[in-house]
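Down below is the structure, laid out as structure tokens.
Rule-based calculations on the coordinates, nothing more; no lab input. Note that the structure is predicted; figures quoted are calculated from it, not measured. Here the Cβ is made from the backbone with ideal geometry for all residues, glycine too, and neighbour counts use every protein chain on show.
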Amino acid sequence: MAIPVKLEVFEGPLDLLLHLIEKNKIDIYDIPIVLITEQYLDYIKKMETEDMNVMSEFLVMAATLIDIKCKMLLPPEVDEEGEEIDPRAELVEKLLEYKMYKYMSFELRDRQVDAATVFYRKRNLPKEVSGFVPPIDYEELVGDMNLSKLHEIFKTIIRRQEDRVDPIRSQYGKIEKEEIDMDMKVLYVRAFAQTHKTFSFTKLLEKQNSRAEIIVTFLIILEMMHDGEITIHQDDIFDDIIITSNES
């Protein structure tokens with residue numbers, strides 16, 4: 001009396017091959033083609049299906065395995081660069097691609113199952129609350145009145161420079177691009193600070209000859225303050241800002 005054997009159902013020949021590789025704990029990049037082909041053909045013999053479309057897919061893969069097995073018995077072929085061509089390479093690539101999509105489908109299925117157990121409550125906030133935008137306190141955002149005062153002095157100096165420009169004569173003549181040597185300007189400001197030790201910010205800016213020089217000097221002062229080369233203090237909110245050099 002024959003013992004009935006129930007075979008696992010696979011979605012296709014690649015699914016069966018992947019099962020055999022995992023079952024035998026085989027490195028997918030180094031498939032023992034003889035062993036896998038024997039186990040694959042053994043499964044085909046035990047298949048009971050009348051669907052010729054399904055059966056033809058498994059038979060095509062069986063022919064592919066036999067073809068690879070034959071190629072591996074022959075001397076290895078080489079490519080244009082002189083490297084040996086592995087007859088299993090194309091099969092391995094297909095298996096890896098199938099394995100990626102298979103496990104992606106598992107992940108999507110798990111997420112679908114998890115999503116079925118999650119319930120969301122629709123937002124129910126009053127319009128006054130959902131549309132509220134907290135006001136911005138710029139003074140608190142700056143957090144340092146010195147910087148605020150520094151900005152005011154900067155704008156004042158810029159306005160003075162604009163007042164010096166003749167609105168009629170400035171429209172005549174050749175306009176040339178003003179170029180400032182940044183390195184020389186940094187040396188000048190540092191030398192000024194070391195020479196005067198303590199001086200007003202307004203006095204430094206008034207010694208500049210153009211709007212571009214004022215902007216560059218302003219940026220250099222901010223950088224020196226950030227690096228700790230100078231200290232800035234202000235006795236009163238409307239007083240001038242005093243700069244003190246920290247260099248000995």
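General observations
- When Ser245, Ser130, Ser200, Ser210 are sorted by how many other C-beta atoms sit within 10 angstrom of their C-beta, beginning with the fewest, the order is Ser130, Ser210, Ser200, Ser245.
- On the beta carbon distance between Leu125 and Asp15, with R0 = 41 Å, the FRET formula returns roughly 0.25.
- Per DSSP, loop GluC sites (Glu not before Pro) in the range 40-139 with at most 14 further Cβ within 10 Å: Glu48, Glu50, Glu77, Glu80, Glu81, Glu83
- Other residues within the sphere of radius under 15 Å centred on the Cβ of Thr195, judged by their own Cβ, net out at +2 (K and R +1, D and E -1).
- For Ile241, the residues 5 or more places off, or on other chains, whose built amide H falls under 5 Å of its own are Phe201, Thr202.
- Modelled FRET efficiency - R0 45 Å, Arg109 with His226, Cβ distances, 0.05 increments: 0.20
- Between Glu90 and Asn53, the C-beta separation translates, for a Förster distance of 30 Å, into a calculated FRET efficiency of about 0.85.
- Estimated inter-spin distance, Asp235 and Thr198, nm [label 7 Å along Cα→Cβ]: 1.0 nm
- For the range 114-126, 3J(HN,Hα) computed residue by residue from phi via the Karplus equation (6.51, -1.76, 1.60; θ = phi - 60°) reads 5, 5, 5, 9, 10, 10, 10, 9, 5, 4, 9, 9, x Hz, glycine and proline entered as x.
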